[in-house]
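Since the structure comes first, as structure tokens, the remarks are kept for the end.
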Amino acid sequence: MYQLSFNIKTPDGVKTLSQQEFINEYWQKKPALIKSGFADFVDPISPDELAGLAMEECIESRLISNHNNEWQAHHGPFEDFELLTQKNSTLLVQAVDHWHPEAAELIEPFRFIPNWRIDDLMISFSTPDGGVGPHLDQYDVFIIQGQGKRHWRVGESKQTFNEVIPCKDLLQIDGFDACIDEVLEPGDILYIPPGCPHEGYAVENAMNYSVGFRAPNQRELLSSFSDYLIDNDSGNTRYSDPALQLRNNPGEFLANEVADVKQQMLDALNNNQDFNLWLLQSLSEAKHDLDLAPIEDEYEPSYVLELLNQDIEIHRLGGLRCFYLSTESNVLFAVNGDVLTLPLSCLSWVETLCQNITVTSDQIKSSTTCSHFMQNFTNLLNEGYWYFD
């Protein structure tokens, strides 16, 4: 397991922070260079393995090159890698944590940020001078330097930028002032908040690992909530005006009518049952395919009980999004777009499954006397979301 140390490089030297101190001083505030954040770092995946993933139909990948200031962006899957030239090229593969268990372990040290905010692990391999150009991301990201070296420039968000499109499917900015200008070595980590400009170019063949975070905007949230209401035939209360006011001009829309329409919409949002179920369902859905293996013979609760009485490990599927909301009356357990409504007596095993990517039979054995646990955990196993070693 990787151990993350917040050794922040400052003009006065290197200072080591706790997780809370890092959040207080840097999270969503300013970029940071974490020197030797992972000591003695060893890459969990090879460039050849990464290229193999980029050949798969179900895995999102891109190859970006810049020769003679002519940018090109190509989308996978790739049949060969002729476009990955000896210089000025970068291969990027999205959601590698869904497909490569060893690489997925890189996400675990960052779970001091809640599960629902974590998105995925993107991995890139670059040849010398390879990169994607200066750009902005509208989400937080930790970029871990793997093998090789990469020269990074990062700026603060309080700048004005002009966007440029050097080629289709590639958005850049035309330049920025940097507050970090460093060559990263294996185990170094960059933290970049939303809206901070950055660019990185490989000094030599280099691997980089980006742990990204979800940050839905208002439009996405409202659209998703509207879809939920439609799918569940909810939000059917119609506008009414029993105290209608007369007016001189029938074309006038009164301020109190505007407020009434707004309140009608807010009433839908304030319906806790609808809102909570939608929120957990929406945010737990995977944006990318999961490596779900078909189960030939479904488990029965009795057989699961036999297995849990042995010394055995249970693993959570890579990239699976799961979290819970505890209310006064129940526990809402969200797993990949499904929400289980469970009694409060189930809270302890839900907490265990959400907190650990691997659990032992001893950790959940005490829950086997609960019929809710046995049935729901068996269903989760049959879906392939958890699996026995």
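The values are calculated or read from the model by the stated rules, or taken from the named source; none is laboratory data. Note that the structure is predicted; figures quoted are calculated from it, not measured. Cβ atoms come from the backbone with ideal geometry, glycine included; neighbour counts cover every protein chain shown. With ligands, DNA and RNA removed, areas are computed over all heavy atoms of the protein, side chains included. Shrake-Rupley method; radii C 1.70, N 1.55, O 1.52, S 1.80 Å.
When region 195-243 is limited to residues that are of a type in the set (A, V, I, L, M) and modelled with pLDDT under 95, the one that is nearest to the chain's Cα centre (by Cα) turns out to be Ala215. Does Asp80 qualify as being more than 24 Å from Lys30 (Cβ to Cβ) and either assigned to a strand (DSSP E or B) or in contact with a strand residue (DSSP E or B) (Cβ under 6 Å, 6 or more places away or on another chain) (or both)? No.
Residue by residue, here is whether (1) in a loop (DSSP other than H, G, I, E, B); (2) open to solvent by 10 Å² or more (accessible area, probe 1.4 Å); (3) modelled with pLDDT of 95 or more holds:
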{"residue": "Ala103", "(1), (2), (3)": "no, no, yes"}
{"residue": "Leu121", "(1), (2), (3)": "no, no, yes"}
{"residue": "Phe125", "(1), (2), (3)": "no, yes, yes"}
{"residue": "Pro128", "(1), (2), (3)": "yes, yes, yes"}
{"residue": "Gly133", "(1), (2), (3)": "yes, no, yes"}
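Under the condition of being over 29 Å from Asn232 (Cβ atoms) and over 22 Å from the mean Cα position of the chain (by Cα), the residues counted in region 302-330 number 13. Taking Leu50 as the residue in question, decide whether it is buried (at least 18 other Cβ atoms within 10 Å of the Cβ) and in a helix (DSSP H, G or I). Taking the combined requirement at face value, the residue satisfies it. Answer yes if at least one residue in region 361-371 is open to solvent by 10 Å² or more (accessible area, probe 1.4 Å) and in contact with a Leu (Cβ under 8 Å, 6 or more places away or on another chain), and no otherwise. Yes: one or more hits. Yes or no: region 138-158 includes at least one residue that is among the polar types (S, T, N, Q), open to solvent by less than 30 Å² (accessible area, probe 1.4 Å), at pLDDT 95 or above and out of contact with any helix residue (DSSP H, G or I) (no Cβ under 7 Å at 6 or more places or on another chain). Yes: one or more hits.
Inside region 10-44, residues that are within 30 Å of Asn205 (Cβ to Cβ), under 24 Å from the mean Cα position of the chain (by Cα) and not in a loop (DSSP other than H, G, I, E, B) make up a count of 3. Within region 309-329, does at least one residue satisfy the condition of being within 23 Å of Phe388 (Cα to Cα), surrounded by 15 or more Cβ atoms within 10 Å (Cβ to Cβ), without any contact (Cβ under 8 Å) to a residue 60 or more places away in the chain and in contact with a Phe, Trp or Tyr (Cβ under 7 Å, 6 or more places away or on another chain)? Yes. How about region 11-45: which of its residues are of a type in the set (Ser, Thr, Tyr) and open to solvent by less than 50 Å² (accessible area, probe 1.4 Å)? If the condition is that a residue be of a type in the set (Ser, Thr, Tyr) and open to solvent by less than 50 Å² (accessible area, probe 1.4 Å), then Tyr26 is the only one that fits.
Taking the condition of being at pLDDT below 95, acidic (Asp, Glu) and not in a helix (DSSP H, G or I), how many residues in region 314-370 meet it? Qualifying residue count for the region: 1.
Put simply, of Gly37, Gly13 the only residue that is closer than 29 Å to Thr358 by Cα and either of a type outside the set (Asp, Glu) or at pLDDT 95 or above (or both) is Gly37. Listed by first and then second residue, the pairs with beta-carbon distance under 9 Å, at least 6 apart or on different chains, first residue in region 281-300 and under 25 Å from Leu325 (Cβ atoms), second β-branched (Val, Ile, Thr), are Gln281/Val339; Ser284/Val335; Ser284/Val339; His288/Ile59. Selection within region 164-182: residues that are among the hydrophobic types (A, V, I, L, M, F, W, C) and assigned to a strand (DSSP E or B). The member of this set that is most open to solvent (accessible area, probe 1.4 Å) is Ile165.
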